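The values are calculated or read from the model by the stated rules, or taken from the named source; none is laboratory data. Everything quoted here is computed from the prediction, not taken from an experiment. Cβ placement follows ideal geometry from the backbone for every residue including glycine, while neighbour counts extend to all protein chains displayed. Protein only, heavy atoms only, side chains kept; ligands, DNA and RNA dropped before computing areas. Shrake-Rupley method; radii C 1.70, N 1.55, O 1.52, S 1.80 Å.
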Amino acid sequence: MDLDDGRPAAAFFFAGLGVLLLLAGSYWGLFVAPAETYMGDVQRIMYVHVPTAWNTMLAFTFAFGCALAFLFLGGWKWDSRMEAAMEVGVVLAVLVCMQGAIWAKPTWGVWWDWDPRLTTTAVLVFAFAGILALRHFVDDPVRRATWSAVATIVAFVDVPIVYYSVRWWNSLHQMQSTPETVSSAFHWPLRINAFAILFLMIAAISLRSRIAALRLRTELAPPPPAPAPQTGTAAAEATR
Amino acid sequence: MSPTGVIEGGWEFVRAAYGVSAAVLLGYGVTLVLRFRSARARAERARKESS
């Protein structure tokens with residue numbers, strides 16, 4: 001069977017590396033980097049919010065790639081990886097909404113606004129969370145993998161819409177930052193935390209895909225052999 | 001916010017954002033490890049039953 005349900009040593013290595021980098025990047029962002037001119041210390045939320053947002057997009061893009069691989073190449077490992085990437089993407093997307101709400105309150109004056117970026121992100125969360133929830137209602141692994149791969153491809157359409165929403169529509173949310181628009185004093189903690197969350201995401205997807213693969217192995221395993229029919233003497237012995 | 005439009009203070013929001021991030025990432029990590037152990041034990045049990 002084409003499953004990656006082996007030992008998760010690499011996942012724990014990436015998790016350890018991610019935690020170390022996240023501690024270093026967050027320390028730099030909180031205590032070493034200067035406060036921003038207008039937002040002051042509140043801008044320090046950027047060092048966790050932006051890396052989380054980047055990696056959310058990456059997780060959903062990986063789920064999209066796995067969906068295409070499952071449909072065109074076949075192989076159960078792609079279904080496990082797709083499920084894992086979707087779940088990790090949803091967790092990161094919910095986290096990015098929470099971080100964004102906490103940043104929005106002191107800067108916009110509200111926790112939430114039905115602004116294009118926020119609305120399309122909410123759609124993204126509900127679309128992928130819905131696919132994950134519906135997967136539990138389909139018992140046949142082949143049907144479940146096929147329709148959820150198709151649904152993932154459809155839901156992925158929202159990812160570029162989230163990315164370009166700040167350019168296409170009049171949004172409260174600021175445009176994407178680039179090295180040209182962000183002072184060099186802010187680069188390092190941002191980059192370190194981006195790699196930290198990337199490594200944590202790789203660890204989480206790796207471990208979660210093993211959980212899905214172990215469940216698939218149980219589902220796809222042949223049923224245990226039926227007990228051999230007992231002869232008359234043996235049956236009489238058994239009922240005695 | 002001061003009359004100049006500069007946001008003053010706000011460390012409580014920074015602490016909240018980092019605290020929520022740590023709690024979500026740590027909490028999800030713990031559930032993953034527990035679910036992996038449980039899935040591995042279930043698969044091992046199923047393998048023994050079928051053999």
Q) Which value, in square angstrom to the nearest 100, describes the accessible area buried between chains A and B on both sides, using a 1.4 angstrom probe? A) 2900
Q.
Springs between alpha-carbon pairs under 10 angstrom, Gaussian network model over chain A: which of A:Ser80, A:Ser209, A:Ser171 fluctuates most?
A. A:Ser171
Q. What shape does segment A:1-125 have by the C-alpha gyration tensor, where a ≥ b ≥ c are the square roots of the eigenvalues, rounded means a/c under 1.5, and otherwise prolate means a/b greater than b/c and oblate the rest?
A. oblate
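Assuming 0.36 nm per residue, please report the length gained on full extension of the stretch A:Trp112 to A:Val32 beyond their Cα-Cα distance.
25.8 nm
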Q | Probe 1.4 Å, protein heavy atoms only - accessible area per residue of segment A:56-219 in square angstrom | A | 45
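Could you give me D for chain A, from Stokes-Einstein at 4 °C and 1.567 mPa s, where the hydrodynamic radius is the Kirkwood radius over C-alpha pairs? Units µm² s⁻¹, please. Mind dumping the intermediate values first?
On the way: Rh = 20.2 Å.
It diffuses with D of about 64 µm²/s by this estimate.
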Q. So who's got an amide H within less than 5 Å of the one on A:His173, skipping anything under 5 residues away but keeping other chains? H placed 1.01 Å off N, in plane.
A. A:Arg117
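Counting only helical runs of four or more DSSP H residues, what would the 222 nm mean residue ellipticity of chain A come to if each run contributes -39,500 (n - 2.57) and the total is spread over all its residues? It would help to have the intermediate numbers written out before the result.
Working: 8 runs with 171 residues, N = 240.
The helix contribution divided over chain A gives -25000 deg cm²/dmol.
Quick check: at a probe of 1.4 Å, how many percent of the accessible area of chain A sits on carbon and sulfur atoms?
Values: 8380 of 12040 Å².
Percent of accessible area from carbon and sulfur atoms in chain A: 70.
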Q: Tell me the label-point distance for the pair A:Thr178, B:Lys48, using the 7 Å Cα-to-Cβ offset, in nm and rounded to one decimal.
A: 6.0
